[in-house]
Amino acid sequence: MSSDRTSELYEKSLELHRFYRGKIEMVPKVPISYELFALWYTPGVAEPARVCGSDPSQSFYLCNRWNTVAIISDGTRVLGLGKLGPEGALPVMEGKALLFKYLGGVDAIPIVVRERDLDKLVYIVKALEPSFGGINLEDIESPKCFDLLERLRQELDIPVWHDDQQGTALVTLAGLINALKLVGKKLSDISVAIIGAGAAGIAIARYLMVAGVKPGNIYVVDSKGILHRDRPDLKSGDPKLKWKRWVAERTNAEGRTGGIPEAMKGVDVVIGVSRPGPGVIKKEWIKLMNDNPIVFAEANPVPEIWPWEAKEAGARVVATGRSDFPNQINNSLGFPAVFRGALTVFARKITDEMCIAAAYALASYAEEKGLSEDYIIPTMEETEAYVREAIAVAEKAMEQGVARRKVSRSELEREVRELIERPKKYLRLAVESGVVAQLPK
């Protein structure tokens, strides 16, 4: 994408945000009359209040809590822009809420907080728990994001998700499953270089292990080189390096040292989740890889290597994080459907196995459509992919015993499909009737 095109998009986005003054709003979901106000509010609402007070689990049945997610950010890592603060994060969180609703039928509330301390953030989110069916953490700096996710997953009785970790890892895995089918390789047999050891890189390494890649065949690279258990900084005991140590202790069985080219030598797959390129991954390094190499260059706005350069160097399948190239590894394929499935069965958590199930559902849908080197994963326009993914997540939650609610497959599919399609129908009617203004010319 050229700098002129980028500037044009920025200017148009600012114009539209100013015109609409935000992207989301709350609307009633029940019939309303002056007589019904006595049921929706006082005095009638006193009885639902008493029921929820005596049995808090009823708040999932009598309120919209079951379908509501809080999007929490402290603004310390907003997109690729750094520490913009909570107000700087708010437009992004509103955009996230829009995707939650339109793609997954999930009501999401942006909550940006002027607090960066880990313990205080944990306290804030725990205090908010009674209002929500799930928590989405977003744009929070590393390594704090790892500890925040871990603690909240342990201490809350509702699903907690960090999209920069779990979302990126899920969609990457889905794409990789199908890329491997095209080159005739298996997860259990491959070796992988991961370029970048931030939130996404570490989560991808963990998901690959859960999915069946041998930990010793994974090589993770940060700005100082390949992670290995004897690297001096990782042996220092620095608490900020806790998660990198976790990776170093499990991966790189042969103890490789060096940088990106050394990590890529003889591997089947390279996954870039590092800084924007081009030039982070070089053509000559791809030539060091095994036959039929797979290259996922996911940095935005510019991938670590341009797709055509990767192809020229021999890459068989290439994916990026951008919509203007084939095979976009897009988090929006993950979080709306994962939460749709989890919330529909009132899940207490989102497990790794639920995410793996989501990845395989995405991959299976794309395979049914017909795989090619330019199509290994669905696009955001393919609504059926979200339905399949949500069902897979919900069924895995019930199977693992983390769902409060048990429903049949047919009932689950009916509910999921209705909830995912409803926002699209509503918006179409709202635009046609003029309730939602047309885009300004």
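The values are calculated or read from the model by the stated rules, or taken from the named source; none is laboratory data. What you see is a predicted model; the values in this text were computed from it and never measured. Don't worry about glycine lacking a Cβ; one is built from the backbone with ideal geometry, like all the others, and counts go over all protein chains shown.
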Practice task
Confirm whether residue 74 is among the charged types (D, E, K, R), surrounded by fewer than 18 Cβ atoms within 10 Å (Cβ to Cβ) and in the same structural domain as residue 129 (by TED's automatic domain parsing).
Solution key: no
Problem - the range 226-280, residues that are part of a helix (DSSP H, G or I), at pLDDT 95 or above and acidic (Asp, Glu) - result: 262
Problem - Selection count, the range 134-153, where residues are surrounded by fewer than 16 Cβ atoms within 10 Å (Cβ to Cβ) and at pLDDT 95 or above - result: 0
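Given the condition among the small types (Gly, Ala, Ser) and in contact with an Asp or Glu (Cβ under 6 Å, 6 or more places away or on another chain), answer yes or no: does some residue in the range 300-315 qualify?
No, the range 300-315 has no match at all.
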Practice task
Using the structure shown, decide if residue 353 is acidic (Asp, Glu) and in a helix (DSSP H, G or I).
Solution key: yes
Exercise for the section: May I ask you to list the residues in the range 340-371 that are touching a residue at least 60 places away in the same chain (Cβ under 8 Å) and closer than 22 Å to residue 202 by Cα? Expected result: 349, 350, 352, 353, 355, 356, 358, 359, 360, 362, 363
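Does residue 179 fit the bill of being more than 14 Å from residue 352 (Cβ to Cβ), surrounded by 24 or more Cβ atoms within 10 Å (Cβ to Cβ), of a type in the set (Gly, Ala, Ser) and out of contact with any strand residue (DSSP E or B) (no Cβ under 7 Å at 6 or more places or on another chain)? Steps first, please.
Values: more than 14 Å from residue 352 (Cβ to Cβ): yes; surrounded by 24 or more Cβ atoms within 10 Å (Cβ to Cβ): yes; of a type in the set (Gly, Ala, Ser): yes; out of contact with any strand residue (DSSP E or B) (no Cβ under 7 Å at 6 or more places or on another chain): no.
No, not satisfied.
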Completion exercise
Of the residues in the range 232-249, those that are surrounded by 19 or more Cβ atoms within 10 Å (Cβ to Cβ) and either of a type outside the set (Gly, Ala, Ser) or farther than 20 Å from residue 216 by Cα (or both) come to 234, 241, 243, 244, 245, 247
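Can you work out which of the residues in the range 111-133 that are among the charged types (D, E, K, R), in contact (Cβ under 8 Å) with a residue 24 or more places away in the chain and farther than 27 Å from residue 49 by Cβ is surrounded by the fewest Cβ atoms within 10 Å (Cβ to Cβ)?
As a first pass, look at the range 111-133 and keep what is among the charged types (D, E, K, R): 114-117, 119-120, 126, 129.
Still in the running and in contact (Cβ under 8 Å) with a residue 24 or more places away in the chain: 114-116, 126, 129.
Next, only the ones that are farther than 27 Å from residue 49 by Cβ stay: 114-116.
Numbers: 114: 9, 115: 13, 116: 16.
Checked the range 111-133; the qualifying residue surrounded by the fewest Cβ atoms within 10 Å (Cβ to Cβ) is 114.
Residues that are in a loop (DSSP other than H, G, I, E, B) and under 26 Å from residue 355 (Cα atoms): does the range 284-295 have at least one? It would help to see each step written out before you state the result.
So in the range 284-295, the residues in a loop (DSSP other than H, G, I, E, B) come out as 287-293.
Add one more test, that the residue is under 26 Å from residue 355 (Cα atoms), and what stays is 293.
Checking the range 284-295: at least one residue is in a loop (DSSP other than H, G, I, E, B) and under 26 Å from residue 355 (Cα atoms).
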Exercise for the section: Could you check residue 423 against (1) outside the structural domain of residue 176 (by TED's automatic domain parsing); (2) surrounded by 13 or more Cβ atoms within 10 Å (Cβ to Cβ); (3) touching an Asp or Glu at 6+ places or on another chain (Cβ under 9 Å) and say which number it fails? Expected result: (3)
Completion exercise
Of (1) part of a loop (DSSP other than H, G, I, E, B); (2) more than 20 Å from the chain's Cα centre (by Cα); (3) aliphatic (A, V, I, L, M), residue 39 satisfies every one except (1)
Handout entry: Set 190, 177, 195: member being more than 23 Å from residue 153 (Cβ to Cβ) and in contact with a Gly (Cβ under 6 Å, 6 or more places away or on another chain)
Key = 195
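Would you pick out the residues in the range 205-223 that are part of a helix (DSSP H, G or I) and not hydrophobic (A, V, I, L, M, F, W, C)?
Restricting attention to the range 205-223, the residues satisfying the condition of being part of a helix (DSSP H, G or I) are 205-211, 215-217.
Correct list: 206, 207, 215, 216, 217.
Would you please name the residue that is surrounded by the fewest Cβ atoms within 10 Å (Cβ to Cβ), looking only at residues in the range 359-405 that are of a type in the set (Asp, Glu) and touching a Leu at 6+ places or on another chain (Cβ under 8 Å)? Can you show your working first?
So in the range 359-405, the residues of a type in the set (Asp, Glu) come out as 367-368, 373-374, 381-382, 384, 389, 395, 399.
Of the ones still in play, those that are also touching a Leu at 6+ places or on another chain (Cβ under 8 Å) are 373, 389, 395.
Details: 373: 15, 389: 31, 395: 19.
Checked the range 359-405; the qualifying residue surrounded by the fewest Cβ atoms within 10 Å (Cβ to Cβ) is 373.
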Exercise for the section: Could you tell me which of the residues 194, 202 is under 24 Å from the mean Cα position of the chain (by Cα), within 24 Å of residue 280 (Cβ to Cβ) and in a helix (DSSP H, G or I)? Expected result: 202
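Checking the structure you have, find out if any residue of the range 97-105 is out of contact with any strand residue (DSSP E or B) (no Cβ under 8 Å at 6 or more places or on another chain) and farther than 16 Å from residue 331 by Cβ.
Yes, because at least one residue in the range 97-105 is out of contact with any strand residue (DSSP E or B) (no Cβ under 8 Å at 6 or more places or on another chain) and farther than 16 Å from residue 331 by Cβ.
Out of the residues in the range 305-347 that are within 30 Å of residue 159 (Cβ to Cβ) and basic (Lys, Arg), state the one that is surrounded by the fewest Cβ atoms within 10 Å (Cβ to Cβ).
Taking the range 305-347 first, the residues within 30 Å of residue 159 (Cβ to Cβ) are 319-323, 327-347.
Still in the running and basic (Lys, Arg): 322, 340.
Numbers: 322: 20, 340: 26.
Ranking the candidates gives 322 first.
Matching residues to (1) surrounded by 16 or more Cβ atoms within 10 Å (Cβ to Cβ); (2) without any contact (Cβ under 8 Å) to a residue 24 or more places away in the chain; (3) among the β-branched types (Val, Ile, Thr):
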{"position": "221", "(1), (2), (3)": "yes, no, yes"}
{"position": "227", "(1), (2), (3)": "yes, no, no"}
{"position": "230", "(1), (2), (3)": "no, no, no"}
{"position": "251", "(1), (2), (3)": "yes, no, yes"}
{"position": "259", "(1), (2), (3)": "no, no, no"}
{"position": "271", "(1), (2), (3)": "yes, no, yes"}
{"position": "274", "(1), (2), (3)": "yes, no, no"}
{"position": "277", "(1), (2), (3)": "yes, no, no"}
{"position": "293", "(1), (2), (3)": "yes, no, no"}
Practice task
Looking only at the range 93-110, decide whether some residue is closer than 24 Å to residue 415 by Cα, touching a residue at least 40 places away in the same chain (Cβ under 8 Å), touching a Cys at 6+ places or on another chain (Cβ under 7 Å) and assigned to a helix (DSSP H, G or I).
Solution key: no
